[in-house]
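Enquirer: Take a look at this one; I'll ask things after.
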Amino acid sequence: MQIDINILPAIAREAGNAIMGIYNDPTRSGEVENKADDSPLTLADKASHEVIVAALAKHFPGIPVLSEEGRNIPFEERKNWHTYWCVDPLDGTKEFVKRNGEFTVNIALIRDRTPVMGVIHVPVTGVTYYADQAGGAWKTDAAGSAVRLQTSHADAGWTAVGSRSHGSPEEAAVLARYPVTNQVSVGSSIKFCFVAEGLAHIYFRQGPTMEWDTAAGQAILECSGGKMTTASGEPFLYNKESLLNGSFLCLCR
């Protein structure tokens, strides 16, 4: 099936609108549950999931969906998937709860265990990042103005982007091997976008993350000229038996 990348930003924006309807409603935005792993779950996670799954089924029938809010698909079934959607309906739920605006909608197409297409939408700002291997990586603002993304290939004076809610001593050790002179923190998958658009040069994460946390970001980063690997430099692959990610390194080149 031919996949039109231009359909995905519209789906992500629709999901973002569902999120913002709850974010801006004080009677609903504070309803938070704790999942089995003690991570938060809001009404917005559920609303976004429903929008995305319905839209993907409408436009791309027959392509399975692996979503954070619909994760309980046995590996015996998943292992035969060559193409599927990997979705995080609301990445950065902790940022949603903190109300700092740094949360996203993530949708990626995985083919043969590699992200080949992705969209990251930031509901609060209306900014959307999207990419595929044929057309490259792009960023559109709330008004629809688009610019092509290209990583920065600076030889010195690198900026490292890190997590707003996580961090580790291992991160400092890895960054010391590169010409990093500045560090910034931001929530959710926006970190991948910082590297993709040249605002940062390196992003290292010790863990843990899940596959839906990284898939769309990896697609956008790599389509803009960057590279994402395991901490040891191996290809970063998907549809593992365990959906938990190990450490990873994102570089501008």
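Enquirer: Kindly check whether there is at least one residue in the range 126-133 that is open to solvent by less than 30 Å² (accessible area, probe 1.4 Å), in a loop (DSSP other than H, G, I, E, B), closer than 16 Å to A12 by Cβ and modelled with pLDDT of 95 or more. Write out each step before concluding.
Expert: Going through the range 126-133, the residues open to solvent by less than 30 Å² (accessible area, probe 1.4 Å) turn out to be 126-129, 131-132.
Filter once more, keeping what is in a loop (DSSP other than H, G, I, E, B): 126.
With the extra rule that they be closer than 16 Å to A12 by Cβ, the set shrinks to 126.
From what is left, the residues that are modelled with pLDDT of 95 or more are 126.
Scanning the range 126-133, I find at least one residue that is open to solvent by less than 30 Å² (accessible area, probe 1.4 Å), in a loop (DSSP other than H, G, I, E, B), closer than 16 Å to A12 by Cβ and modelled with pLDDT of 95 or more, so the answer is yes.
Enquirer: Sticking with this one: Here is a list: V174, V147. Which entry is of a type in the set (V, I, T) and crowded, with 18+ Cβ neighbours inside 10 Å? Before you say what the answer is, go through the steps one by one.
Expert: Numbers: V147 fails: crowded, with 18+ Cβ neighbours inside 10 Å.
Matching residue, one of V174, V147: V174.
Enquirer: When you look at S247, is it open to solvent by 10 Å² or more (accessible area, probe 1.4 Å), within 18 Å of the chain's Cα centre (by Cα), at pLDDT 95 or above and of a type in the set (G, A, S), yes or no?
Expert: Here the answer is yes, as S247 does meet what is asked.
Here is a yes/no grid of residues against (1) at pLDDT below 95; (2) touching a strand residue (DSSP E or B) at 6+ places or on another chain (Cβ under 6 Å); (3) of a type in the set (K, R):
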{"position": "P64", "(1), (2), (3)": "no, yes, no"}
{"position": "N72", "(1), (2), (3)": "yes, no, no"}
{"position": "F75", "(1), (2), (3)": "no, no, no"}
{"position": "C86", "(1), (2), (3)": "no, yes, no"}
{"position": "T93", "(1), (2), (3)": "yes, yes, no"}
{"position": "T140", "(1), (2), (3)": "no, yes, no"}
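Enquirer: While we're on this one: Just a yes or no: is a residue in the range 32-54 outside any helix (DSSP H, G or I), in contact with a strand residue (DSSP E or B) (Cβ under 6 Å, 6 or more places away or on another chain) and hydroxyl-bearing (S, T, Y)? Write out each step before concluding.
Expert: Here is the first cut: in the range 32-54, the residues outside any helix (DSSP H, G or I) are 32-42.
Applying the additional criterion that residues be in contact with a strand residue (DSSP E or B) (Cβ under 6 Å, 6 or more places away or on another chain) yields 32-33, 35, 40-42.
With the extra rule that they be hydroxyl-bearing (S, T, Y), the set shrinks to 42.
Within the range 32-54 (the criterion being outside any helix (DSSP H, G or I), in contact with a strand residue (DSSP E or B) (Cβ under 6 Å, 6 or more places away or on another chain) and hydroxyl-bearing (S, T, Y)), the answer is yes, since at least one residue qualifies.
Enquirer: Go through the range 11-29 residue by residue and tally those that are open to solvent by less than 50 Å² (accessible area, probe 1.4 Å), out of contact with any Lys or Arg (no Cβ under 7 Å at 6 or more places or on another chain) and not in a loop (DSSP other than H, G, I, E, B).
Expert: So the answer is 9.
Enquirer: Which one is surrounded by the most Cβ atoms within 10 Å (Cβ to Cβ), of the residues in the range 150-171 that are under 16 Å from C223 (Cα atoms) and among the hydroxyl-bearing types (S, T, Y)?
Expert: Ranking the candidates gives T151 first.
Enquirer: Suppose we keep only residues that are touching a Gly at 6+ places or on another chain (Cβ under 9 Å) and more than 29 Å from S39 (Cα to Cα) within the range 177-200. Which one would you say is surrounded by the most Cβ atoms within 10 Å (Cβ to Cβ)?
Expert: V180
Enquirer: Could you run through the range 96-116 and say how many residues are aliphatic (A, V, I, L, M), part of a strand (DSSP E or B) and open to solvent by 10 Å² or more (accessible area, probe 1.4 Å)?
Expert: So the answer is 1.
Enquirer: Scanning for something in contact with a Phe, Trp or Tyr (Cβ under 9 Å, 6 or more places away or on another chain) and more than 17 Å from K94 (Cβ to Cβ), does the range 32-42 turn up at least one residue?
Expert: no
Enquirer: Which numbered condition trips up T214, out of (1) surrounded by fewer than 24 Cβ atoms within 10 Å (Cβ to Cβ); (2) polar (S, T, N, Q); (3) outside any loop (DSSP other than H, G, I, E, B)?
Expert: Looking at each condition in turn, T214 falls short on (1).
Enquirer: Test of understanding: among S232, S188, which residue is in contact (Cβ under 8 Å) with a residue 40 or more places away in the chain and either of a type in the set (S, T, N, Q) or in contact with a helix residue (DSSP H, G or I) (Cβ under 8 Å, 6 or more places away or on another chain) (or both)?
Expert: S188
The values are calculated or read from the model by the stated rules, or taken from the named source; none is laboratory data. Remember, it's a predicted structure, so these values are computed and weren't measured experimentally. All Cβ positions, glycine included, derive from the backbone under ideal geometry; neighbour counts span all protein chains shown. Areas reflect the complete protein model, heavy atoms only, side chains present, ligands, DNA and RNA absent. Shrake-Rupley method; radii C 1.70, N 1.55, O 1.52, S 1.80 Å.
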